[in-house]
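Below you'll find the structure, written out as structure tokens, and then a few comments.
The values are calculated or read from the model by the stated rules, or taken from the named source; none is laboratory data. The model shown is predicted, which means the values in this text are computed figures rather than measured ones. We place every Cβ from the backbone using ideal geometry, glycine too, and count neighbours over all the protein chains shown.
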Amino acid sequence: EAQVTQNPRYLITVTGKKLTVTCSQNMNHEYMSWYRQDPGLGLRQIYYSMNVEVTDKGDVPEGYKVSRKEKRNFPLILESPSPNQTSLYFCASSYGGYPYGYTFGSGTRLTVV
Amino acid sequence: AQKVTQAQTEISVVEKEDVTLDCVYETRDTTYYLFWYKQPPSGELVFLIRRNSFDEQNEISGRYSWNFQKSTSSFNFTITASQVVDSAVYFCALSEETSGSRLTFGEGTQLTVNP
């Protein structure tokens, strides 16, 4: 089944403790992206990648890191999480970005206390 | 800069009513795509439709229909004879040719269909 898999689904952590949210896709897509969803703000792009070793900032990149060492994986790293990073995170992949749209993972609900 | 506005934060209807979700967008590009996604209570994002800027034909899929009007920069979504299972958050999104991979979302509309 074609899908984007992200883990974990739920995560509670403390301020400053480094964490990684994993993302993997099995569709051989070139494009991958991370979004965060906050009430009243919709989804905002954090980082995106157009291919292996090619990444760039989205609209809200502060406090996040990403890497794209393999085509299928695109982990999101929070080096020192803070409470304002409490959010619902989505990983997504796309055959070619515009105009194909994205297939989204199931989401990771992160709480930073 | 691209922008999507969904002015209706919440809509509540009774089952079998028709409901329209509004979406207004801003773009300087002549080539762009518009999308609708559904987010049910379980949280995942489900793709519903994609429409390119050169195709203004209305689309109908079962109880769902979409009205794309470039003159008013709108891409509205209508559910006919709503059902409880339609209860979800609905997002409109825009992707421009010049923005590459960026998909810009509206704020979302929470639709509640009551039995």
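General observations
- The set of residues in the range B:12-36 being under 20 Å from A:GLN37 (Cα atoms) and facing chain A (nearest Cβ under 8 Å) consists of B:PHE35 alone.
- Qualifying positions in the range B:38-53 - within 10 Å of chain A (Cβ to nearest Cβ) and modelled with pLDDT of 95 or more: B:GLN39
- The strands (runs of 3 or more DSSP E) found wholly in the range B:62-115 and carrying at least 3 residues that are touching a Ser or Thr at 6+ places or on another chain (Cβ under 8 Å) and more than 11 Å from chain A (Cβ to nearest Cβ) occupy B:64-69, B:74-79, B:109-114.
- Given (1) free of Cβ contacts under 8 Å to residues at least 60 places away in the same chain; (2) more than 11 Å from chain A (Cβ to nearest Cβ); (3) assigned to a strand (DSSP E or B); (4) in contact with a strand residue (DSSP E or B) (Cβ under 7 Å, 6 or more places away or on another chain), index of the condition B:GLU56 fails: (3)
- Subset of the range A:26-39 (residues that are in contact (Cβ under 8 Å) with a residue 24 or more places away in the chain and within 12 Å of another protein chain (Cβ to nearest Cβ)): A:HIS29, A:GLU30, A:TYR31, A:MET32, A:SER33, A:TRP34, A:TYR35, A:ARG36, A:GLN37, A:ASP38
- Residue match in the range A:12-33 (condition: surrounded by 15 or more Cβ atoms within 10 Å (Cβ to Cβ), within 18 Å of B:PHE105 (Cα to Cα) and β-branched (Val, Ile, Thr)): no
- Verdict on A:SER93 being part of a strand (DSSP E or B) and within 14 Å of another protein chain (Cβ to nearest Cβ): yes
- Complete set of residues in the range B:51-68 that are surrounded by fewer than 16 Cβ atoms within 10 Å (Cβ to Cβ), of a type outside the set (Asp, Glu) and in contact with a Phe, Trp or Tyr (Cβ under 7 Å, 6 or more places away or on another chain): B:ASN52, B:ASN58
- B:THR9 satisfies every condition listed in (1) within 10 Å of another protein chain (Cβ to nearest Cβ); (2) surrounded by 21 or more Cβ atoms within 10 Å (Cβ to Cβ); (3) out of contact with any Phe, Trp or Tyr (no Cβ under 9 Å at 6 or more places or on another chain) except (2).
- Every pair of residues 6+ apart whose Cβ atoms lie under 6 Å, when the first sits in the range A:40-60 and is at the interface with chain B (Cβ under 9 Å from one of its Cβ atoms) while the second is surrounded by fewer than 19 Cβ atoms within 10 Å (Cβ to Cβ) and among the hydrophobic types (A, V, I, L, M, F, W, C): A:ARG44/A:VAL60
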